[in-house]
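K.L.:
Can you read through this structure? Questions will come right after.
The values are calculated or read from the model by the stated rules, or taken from the named source; none is laboratory data. All values derive from a computational prediction rather than experimental measurement. Here the Cβ is made from the backbone with ideal geometry for all residues, glycine too, and neighbour counts use every protein chain on show.
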């Protein structure tokens with residue numbers, strides 16, 4: 001996980017259900033190298049599988065949407081979250 005989340009006092013507390021899997025996993029898997037399509041696809045899918053059963057998926061995703069994070073958060077890519085933000089913005093207008 002990115003360092004900035006630990007510096008923000010508003011970041012969700014992920015201790016309620018124990019440590020999330022991502023906290024003990026090599027963070028590189030959540031920030032795939034876009035230059036290598038095969039590696040990027042593998043890392044993205046591996047990260048999504050880890051997020052799929054995580055009890056913190058919803059608050060993690062909400063944080064990433066609100067703060068325009070890069071990488072895989074809450075099982076989504078930055079591109080997917082940008083699309084989600086645009087959809088939310090269009091609904092509010």
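K.L.:
Kindly check whether there is at least one residue in region 48-62 that is more than 23 Å from residue 18 (Cα to Cα) and in contact with a helix residue (DSSP H, G or I) (Cβ under 8 Å, 6 or more places away or on another chain).
P.N.:
no
K.L.:
Do we find that residue 36 is closer than 17 Å to residue 71 by Cα, modelled with pLDDT under 85 and loosely packed, with under 13 Cβ neighbours inside 10 Å in this structure?
P.N.:
Yes.
K.L.:
Which number in (1) surrounded by fewer than 16 Cβ atoms within 10 Å (Cβ to Cβ); (2) modelled with pLDDT of 85 or more marks the one condition that residue 57 misses?
P.N.:
Of everything listed in (1) surrounded by fewer than 16 Cβ atoms within 10 Å (Cβ to Cβ); (2) modelled with pLDDT of 85 or more, residue 57 misses just condition (1).
K.L.:
Same structure again: Here is a list of conditions, (1) closer than 24 Å to residue 17 by Cα; (2) touching a strand residue (DSSP E or B) at 6+ places or on another chain (Cβ under 9 Å); (3) part of a helix (DSSP H, G or I), and residue 81 meets all of them except one; can you say which number that is?
P.N.:
Unmet for residue 81, out of (1) closer than 24 Å to residue 17 by Cα; (2) touching a strand residue (DSSP E or B) at 6+ places or on another chain (Cβ under 9 Å); (3) part of a helix (DSSP H, G or I): (1).
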